[in-house]
Amino acid sequence: MHFNILKHELVPYFKVLSREEVEKLLSVYGISKGDLPKMVVTDPVSRAIGTREGDVVKIVRRSRTAGESVAYRLIVGTGMGDIRTLESDEED
Amino acid sequence: MRTNAPKKIDSIQFGLLSPEKIRKMSATRIITPDTYDEDGFPIEMGLMDPRLGVIEPGLRCKTCGQRVGRDGCPGHFGHIELAMPVIHVGYVKTILGILRATCRSCGHLQVDEKQKRALRRRYKSLKDSGQGTSGFAKEVISLARKSKKCPYCGRVNKNIELDKPTTFREEGHKMTPAEVREWLEKVSATEEDDLYLFGINPDVARPEWMVLTVLPVSPVTTRPSITLQTGERSEDDLTHKLVDTIRINQRLQENRDAGAPQLIVEDLWELIQYHITTYFDNQTAGIPPARHRSGRALKTLAQRLKGKEGRFRSNLSGKRVNFSARTVISPDPNLSINEVGVPIEMARELTVKVRVTPYNMEEVKELVMRGPVPLPPKGKVYLPGVNYIIRPDGRRIKVTDENAETATERVEVGAVVEKQLDDGDIVLFNRQPSLHRMSMMAHKVRVLPYKTFRMNLAVCPPYNADFDGDEMNLHVLQSEEAKGEAEVLMKVQENILSPRFGGVVIGAIHDHITGCFLLTYHNRVFDRDDAIRMLSAAGYHHYEVKGDMTGKEIFSIILPEGLNLDYRAQSCVNCETCRKEECPYDNYVVISDGVLEKGVIDEKSIGAFKGVILEHIGRRYGMDAARAFIDKVTKLGIAAITTTGFSTGIDDEDMPDEANMQIEEQLAKARDKIDQLIKAYNEGELEEIPGRSLEETLEMEIMRVTGRARDQMGEIAGHHLGMGNSAVIMAKSGARGSMLNLSQMAGCVGQQAVRGERIHRGYKERTLPHFKKGDLGARAKGFVSSNYKKGLNPTEYFFHSMGGREGLVDTAVRTSRSGYMQRRLINALENLKLENDGTVRTTYGDIIQFQYGEDGIDPAKSVRGEAVNIDQIVKEVL
């Protein structure tokens, strides 16, 4: 039994951006990745859409005042992260 | 020469002082606890050593040779060599973390090689992605703590506890600061390159520096002694603390060198630790604060900085300023809303800087010639003079009546003249608490006699001011930039539309509204004389009045041409189907092409916070037009109310006997109903409301009955007190008071409640000893059937006080709580900025919102929160 949180009405639309899309986004705002708002990899939505650290996701929300509003998040690890994943990283 | 060129701080590096550094920056070692000798001269190598700086004017510092003052000697540090090391209280938490995460014998971080490599990489990636690393250090420590045995030397790790505030224990065994320091030295030797994993930057800080061996002594300028009138010297709290420290340090050294028993040495060691701990922070948890002989706690380093009275909040974030004034405010309807009346005495003291150029030379010379108190010309009460001339070299010349003529010759290009405040100068006017930006607005000065600030009544709502003794502050702008910015952004008319909800916050109040209501209600007809007088008061001195005029005609004159509006008035009775233009009560306002065709003018049209007409004029004709309209409408309102006459008194609440009988009847009915409910409850016949107990059901039902009873009183009162009644006129037009206030005065006060329930606490099973135990009736539970006019009986009065007290406590609690909440919000949001590309970013460039408020709309420019009002636009186009 797995509940698909992405289909819940309170969860906005999420999409992982491609490398080109990220480049474009950063150049539009004239920023580096670190200036983006952040979201952790362990976030339920991050897990549901399958993100990796360093990804940028696009969020489209319905807004009462603006109709649709678009935001972006940089996916980051939580603090030290899981030490086991740290160890497995060593292989690659 | 001093320059005012701004300097930009690129970065600030915080770090620890090493013992070597402390010695190096020290002007002298301090060895004697004494300060001054019998002759009053500072003792060499004492706490007041002249090499630490000077505090007496005229003396020269022995280190730098400068005098006291702004550009003089800043003071110099000294140092005390501690006989034994001492823990720095500020870093116990950090020390504890390091001790717990490392091995005592080899100093290694308690993770294996593989984990360490992973940690290093993780740190790097965090740094690269621009994230904070403070949480990381904490996690490293909690990971390393889990190790039972050192992976490098095999020593079994013991449990380290902190005995607050500064004692470390290893499995219950006390560790001396010397032992702790030794351990930390080992850590910084073995983990030299990985100290950053603990959150320490090895370039500026080392673990062992957190245990002091040398104590810096702050310059005397930071702890000046004061000489009392008696000639006695009184030392600063910090000096007292340092004296204690040196004394104990000396004794410790003597005892240790003489080979005294370990116990005595340890006692002294703990004592010096206490003195140094309280020197840093005298409110450290777990130890008693150091006190004066008088019992007052000493104010040491942390106390100087911390809290509302500390250096940050009271001297850096907020300061006392020059060119400011404060006095009582009083009303003046003859001033425009963007003016402020300033007393002559203040205007003479407050000045504006005028730079002398070849172009204004003659003017300025004429100004200086007047001196500081010029005689005003006939018919005027005030003429500005000049207080000071600042010459190009920065020297100030005070202008007096005697030297005015010679001073005039000193006026040259590049000099600045401090000219007294004059009519039309722009100033900031402010009333605390400054809760929103309208609490501080720019006004134009009008210099007037007497001693209060005068202001237009229409600006009371944004400042939340009244005239029961309120005081306000005034700040005179000095630079041209400031004046320009205030002119564009802060003038009163620029703030008529609030950014809070996109509506007006400045508008007519009280009598202005009653006046306009009386003017337009029932479209009363005024004879020619009255019409001329009212229009003249509103500023239409030469308007040609041909004959009798209706109120609506008069009001239409002040409306701008081409104004089209229609809306429901405040006094709208909310019929089931609105008949709009055909409203039988004349409560639907229709304005076409600047003519008031239908409807009555009340709070909804011109009131502060509501005024639809004001809002529309501001948007369509500009803020200056709105300002002019508010000035006119308030004056017209006052003229109208003076023409018709208006007064209210307690007899406004007089009701015919018939009405009083009806009220009695309704009260009796309500009481019966309650008795029935109680009876039903007692007999178990009461039907439970789903989800409620029987008792709750009864309470709710009774509350409903009493609530309805009060409403019915209101209806009866409203029915018998018609629109001929002044109090009703005020309530219906929204000028002041409500129908509820009226029904409480004329009908009945109603049920009193504490915490939303009928009053039930007090004596055992009853509220007061006057009632039977278990009485659930209306009277026994706080229903007040009397009205304010008739007066309350003693039990009713008591219940009413209970309810009233709750209200007072609630407001007191709410203000303090919301104040703190606001403070936290402001601190969290203060460095956000809306950039030109529409994003909201912090000062570091981090993006907070990609589009301001999701929709990019400035609420101050919105129409009550919406970007555009389509209906209005359609109407205007058609």
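The values are calculated or read from the model by the stated rules, or taken from the named source; none is laboratory data. The model shown is predicted, which means the values in this text are computed figures rather than measured ones. Positions of Cβ are generated from backbone atoms using ideal geometry, with glycine treated the same way; all protein chains shown enter the neighbour counts.
A few remarks follow.
- Leading residue by the ranking (farthest from B:Gly838 (Cα to Cα)) among those in segment B:852-867 that are over 25 Å from the mean Cα position of the chain (by Cα) and acidic (Asp, Glu): B:Glu866
- Which numbered condition B:Ile641 misses (of (1) surrounded by 19 or more Cβ atoms within 10 Å (Cβ to Cβ); (2) β-branched (Val, Ile, Thr); (3) under 20 Å from B:Met739 (Cα atoms)): (3)
- Here B:Thr400 passes the criteria (1) within 40 Å of the chain's Cα centre (by Cα); (2) in a loop (DSSP other than H, G, I, E, B); (3) touching a residue at least 24 places away in the same chain (Cβ under 8 Å) except the one numbered (1).
- Strands (runs of 3 or more DSSP E) fully within segment B:407-455 counting 3 or more residues that are buried (at least 19 other Cβ atoms within 10 Å of the Cβ), touching a residue at least 24 places away in the same chain (Cβ under 8 Å) and within 32 Å of the chain's Cα centre (by Cα): B:426-430, B:440-448, B:453-455
- Among the candidates B:Ala144, B:Ala118, residue that is outside any loop (DSSP other than H, G, I, E, B), at pLDDT below 85 and out of contact with any His (no Cβ under 6 Å at 6 or more places or on another chain): B:Ala118
- Test for B:Gly718: is it within 43 Å of the chain's Cα centre (by Cα) and modelled with pLDDT under 85: yes
- Elements of type helices (runs of 4 or more DSSP H) contained in segment B:474-564, each with 3 or more residues being crowded, with 21+ Cβ neighbours inside 10 Å: B:511-520, B:528-537, B:551-558
- Total residues in segment A:28-80, condition more than 10 Å from chain B (Cβ to nearest Cβ), under 26 Å from B:Val140 (Cβ atoms) and in a loop (DSSP other than H, G, I, E, B): 6
Every residue, every condition in (1) among the polar types (S, T, N, Q); (2) touching a Phe, Trp or Tyr at 6+ places or on another chain (Cβ under 7 Å); (3) farther than 27 Å from B:Pro358 by Cα, yes or no:
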position: B:Ala415; (1), (2), (3): no, no, no
position: B:Arg431; (1), (2), (3): no, yes, yes
position: B:His443; (1), (2), (3): no, yes, yes
position: B:Val447; (1), (2), (3): no, yes, yes
position: B:Asp468; (1), (2), (3): no, no, yes
position: B:Leu474; (1), (2), (3): no, yes, yes
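- Of the set (1) at pLDDT 90 or above; (2) surrounded by fewer than 14 Cβ atoms within 10 Å (Cβ to Cβ), all apply to B:Arg755 but (1).
- Filter result for B:Glu208 (outside any loop (DSSP other than H, G, I, E, B) and buried (at least 18 other Cβ atoms within 10 Å of the Cβ)): yes
- Near pairs, Cβ below 9 angstrom, 6+ apart or cross-chain, from segment B:753-765 (closer than 15 Å to B:Glu695 by Cα) to any residue that is acidic (Asp, Glu): B:Glu757/B:Glu699; B:Arg758/B:Glu699; B:His760/B:Glu699; B:Glu765/B:Asp775
- Residue that is farthest from the chain's Cα centre (by Cα) [pool: residues in segment B:225-252 that are of a type in the set (Lys, Arg) and surrounded by fewer than 20 Cβ atoms within 10 Å (Cβ to Cβ)]: B:Arg251
- So B:Tyr852, is it within 14 Å of chain A (Cβ to nearest Cβ), touching a residue at least 12 places away in the same chain (Cβ under 8 Å), among the aromatic types (Phe, Trp, Tyr) and surrounded by 10 or more Cβ atoms within 10 Å (Cβ to Cβ): yes
- On inspection, B:Glu687 does not qualify as loosely packed, with under 13 Cβ neighbours inside 10 Å, among the acidic types (Asp, Glu) and in contact (Cβ under 8 Å) with a residue 40 or more places away in the chain.
- From the options B:Tyr382, B:Tyr388, B:Tyr359, residue that is within 26 Å of B:Lys491 (Cβ to Cβ) and among the aromatic types (Phe, Trp, Tyr): B:Tyr382
- Residue match in segment B:700-707 (condition: touching a helix residue (DSSP H, G or I) at 6+ places or on another chain (Cβ under 6 Å), modelled with pLDDT of 90 or more and of a type outside the set (A, V, I, L, M, F, W, C)): no
- Residues in segment B:690-722 that are touching a residue at least 24 places away in the same chain (Cβ under 8 Å) and small (Gly, Ala, Ser): B:Gly707, B:Ala709, B:Gly714, B:Ala717, B:Gly718.
- In segment B:101-160, the residues that are surrounded by fewer than 16 Cβ atoms within 10 Å (Cβ to Cβ), within 11 Å of chain A (Cβ to nearest Cβ) and of a type in the set (Lys, Arg): B:Lys114, B:Arg117, B:Arg120, B:Arg121, B:Lys127, B:Lys138, B:Lys146
- Segment B:315-368 holds strands (runs of 3 or more DSSP E) entirely within its bounds, and those carrying 3 or more residues that are under 17 Å from B:Tyr388 (Cβ atoms) map to B:351-355.
- Each residue in segment A:1-27 was checked for being without any contact (Cβ under 8 Å) to a residue 12 or more places away in the chain, over 27 Å from B:Gly838 (Cβ atoms) and not in a loop (DSSP other than H, G, I, E, B), and 1 of them qualify.
Here is a yes/no grid of residues against (1) in contact with a Pro (Cβ under 7 Å, 6 or more places away or on another chain); (2) assigned to a loop (DSSP other than H, G, I, E, B); (3) acidic (Asp, Glu); (4) modelled with pLDDT of 90 or more:
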| position | (1), (2), (3), (4) |
| --- | --- |
| B:Lys158 | no, yes, no, no |
| B:Glu161 | no, no, yes, no |
| B:Asp194 | no, no, yes, no |
| B:Asn201 | no, yes, no, no |
| B:Pro224 | no, yes, no, no |
| B:Leu242 | no, no, no, yes |
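- In segment B:643-668, the residues that are in contact (Cβ under 8 Å) with a residue 24 or more places away in the chain and either in contact with a Leu (Cβ under 6 Å, 6 or more places away or on another chain) or part of a helix (DSSP H, G or I) (or both): B:Thr643, B:Thr644, B:Ile650, B:Asp652, B:Glu653, B:Glu658, B:Ala659, B:Gln662, B:Ile663, B:Gln666, B:Leu667
- Selection count, segment B:567-612, where residues are farther than 23 Å from B:Gly718 by Cα and modelled with pLDDT of 85 or more: 19
- Exactly one residue out of B:Leu834, B:Leu829 is surrounded by fewer than 17 Cβ atoms within 10 Å (Cβ to Cβ), farther than 30 Å from B:Glu665 by Cβ and in contact (Cβ under 8 Å) with a residue 12 or more places away in the chain, and it is B:Leu834.
- Consider segment B:306-358 and keep the residues that are in contact (Cβ under 8 Å) with a residue 24 or more places away in the chain and among the small types (Gly, Ala, Ser). The one that is farthest from B:Gln478 (Cα to Cα) is B:Ser330.
- Comparison of B:Ala260, B:Ala189 shows that the only residue that is out of contact with any helix residue (DSSP H, G or I) (no Cβ under 6 Å at 6 or more places or on another chain) and outside any helix (DSSP H, G or I) is B:Ala260.
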